[in-house]
1. Please go through the range 273-300 and give me each residue that is of a type in the set (Gly, Ala, Ser) and closer than 18 Å to Met225 by Cα, ordered by number.
2. Report the residue count in the range 36-65 for those that are within 30 Å of Val254 (Cβ to Cβ) and more than 13 Å from ligand 1 (Cβ to nearest atom).
3. Identify, please: which residue in the range 196-219 is over 16 Å from the mean Cα position of the chain (by Cα) and part of a loop (DSSP other than H, G, I, E, B) and is, among those, nearest to ligand 1 (Cβ to nearest atom)?
4. Would a scan of the range 36-57 turn up a residue that is touching a helix residue (DSSP H, G or I) at 6+ places or on another chain (Cβ under 7 Å), at pLDDT below 95 and outside any helix (DSSP H, G or I)?
5. Going by what's in this entry, would Phe32 be described as within 12 Å of ligand 2 (Cβ to nearest atom), of a type outside the set (Ser, Thr, Tyr), within 24 Å of Thr161 (Cα to Cα) and not in a helix (DSSP H, G or I)?
6. Test of understanding: among Asp284, Asp264, which residue is of a type in the set (Asp, Glu), in contact with a Leu (Cβ under 8 Å, 6 or more places away or on another chain) and surrounded by 12 or more Cβ atoms within 10 Å (Cβ to Cβ)?
7. Out of curiosity, is Ser185 within 14 Å of ligand 1 (Cβ to nearest atom), within 20 Å of Thr53 (Cβ to Cβ) and touching a residue at least 40 places away in the same chain (Cβ under 8 Å)?
8. Regarding Glu327, is this residue surrounded by 15 or more Cβ atoms within 10 Å (Cβ to Cβ) and either in contact with a strand residue (DSSP E or B) (Cβ under 9 Å, 6 or more places away or on another chain) or of a type outside the set (Lys, Arg) (or both)?
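The values are calculated or read from the model by the stated rules, or taken from the named source; none is laboratory data. The structure presented is a predicted model; accordingly, all values stated were derived computationally and were not measured. In this analysis, Cβ positions are derived from the backbone assuming ideal geometry, glycine residues included, and neighbour counts consider all displayed protein chains.
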Amino acid sequence: MTDNIKREVVCSGIRPTGNLHLGNYFGALRNFVKLQEQYDCYFFVADYHSLTTHPTPGNLYQNARQILVQYLAVGLDPERATIYFQSDLPQTAELYLFFNMNAYLGELERVTSFKDKVRQNPNNVNAGLLTYPTLMAADILIHKATRVPVGKDQEQHLEMTRTYAQRFNSMYGSEVFPLPQAVGSPAGLVKIPALNGSGKMGKSEGEASTIFLTDEPSVIRKKIMKAKSDSGPTEMNQKKPEEIENLFSLLKAVSKLETVEYFDDLYNRCQIRYGDLKKQLAEDMVAFVEPLRQRILEVGADEEGLRRIIDRGKEKARASADRTIAEVRHVIGYRD
Ligand code: ADP
Ligand code: TRP
């Protein structure tokens, strides 16, 4: 690809609120790695956003650094993509301010993730939590990104990003911002289930339901063997209940197609033994996660290399953000 062809821009981030897990990997990271081959990519650690739910983080930098290490360990390449900390880009905060001027209380209060967070933590309903979608819009639009690799749970936030882009454009009679789309795998946006039988795998689902990229083999085996199942099918070709469907979803993520078909066939013939399925799943999971875990340890040990990557990412991200902010200030009418 020559440099004078303008490539489409991709942007995404993950909040540094814990170690990355298989849901993050299949919902987001795996696509980050693929997209960096073809697009002009910006991947960041969302360390402003983490304050919405973790206002006094014990060790903000260490947590953010750990996400960066995991980005690099799964294959993000600072030579191809711009990789940076959200807080190294204060231009995002300025764009957030402009979007907030045109964001309405009613629409922000209706956001599903906001309502969930209010329910989970009624004593910390701060304005940052309410305006999470305008900050996310600013993250994406500061680089005029058109594609955003995320899991299914972020669809609504992307819809709001389009709303704020469009509202800004029509308010100031300009075409400054594109309307970005969420991108998942070819089969659509992904949801990796939790091991406890229902819901999505996630940091907030608790240790036992979530497989982290930093989990040691013995931990993975233990978690999988304890995953929820039932007493087995009683009729041929019976529809799978959610907890069994979930085990198959995990198998599909990390095992060979033949393995999935083998257990699917046993299930349909009512001859499945979940103990065997779980043992196979655990081994395939270990084979998948262990090389990543090793790589995380290696990358994390190179402090100097990390510093260089952080400084370079900051510089590249700022150059892109400065261009957008200059244009935004101009169309709003501030003195150039
Ligand atoms: P968590 O839910 O663990 O807090 P985040 O909200 O930080 O994770 O998610 C970071 C990225 O990973 C987002 O793009 C999100 O859509 C994706 N993601 C998180 N959990 C899952 C999951 N279980 N399945 C698919 N994608 C997921
Ligand atoms: N909201 C995303 C999540 O919870 C994290 C995020 C913040 C993000 N800003 C973003 C994702 C911009 C994509 C683009 O996972």
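1. As a first pass, look at the range 273-300 and keep what is of a type in the set (Gly, Ala, Ser): 275, 282, 287, 300.
Selection gives Gly275, Ala282, Ala287.
2. The qualifying residues number 8.
3. Quick first cut of the range 196-219, residues over 16 Å from the mean Cα position of the chain (by Cα) only: 196-199, 206-209, 214-219.
Now narrow it down to the ones that are part of a loop (DSSP other than H, G, I, E, B): 196-199, 206, 214-216.
Details: Asn196: 12, Gly197: 14, Ser198: 12, Gly199: 8, Gly206: 11, Thr214: 14, Asp215: 14, Glu216: 20 Å.
It comes out as Gly199.
4. There is at least one residue in the range 36-57 that is touching a helix residue (DSSP H, G or I) at 6+ places or on another chain (Cβ under 7 Å), at pLDDT below 95 and outside any helix (DSSP H, G or I).
5. Working: within 12 Å of ligand 2 (Cβ to nearest atom): yes; of a type outside the set (Ser, Thr, Tyr): yes; within 24 Å of Thr161 (Cα to Cα): yes; not in a helix (DSSP H, G or I): no.
Considered against the rule, which asks whether it is within 12 Å of ligand 2 (Cβ to nearest atom), of a type outside the set (Ser, Thr, Tyr), within 24 Å of Thr161 (Cα to Cα) and not in a helix (DSSP H, G or I), Phe32 comes out as no.
6. Details: Asp264 fails: in contact with a Leu (Cβ under 8 Å, 6 or more places away or on another chain).
Sole residue among the options that is of a type in the set (Asp, Glu), in contact with a Leu (Cβ under 8 Å, 6 or more places away or on another chain) and surrounded by 12 or more Cβ atoms within 10 Å (Cβ to Cβ): Asp284.
7. On the way: within 14 Å of ligand 1 (Cβ to nearest atom): yes; within 20 Å of Thr53 (Cβ to Cβ): no; touching a residue at least 40 places away in the same chain (Cβ under 8 Å): yes.
When the stated conditions are applied, Ser185 does not pass them.
8. On the way: surrounded by 15 or more Cβ atoms within 10 Å (Cβ to Cβ): no; either in contact with a strand residue (DSSP E or B) (Cβ under 9 Å, 6 or more places away or on another chain) or of a type outside the set (Lys, Arg) (or both): yes.
Answer is no for this residue.
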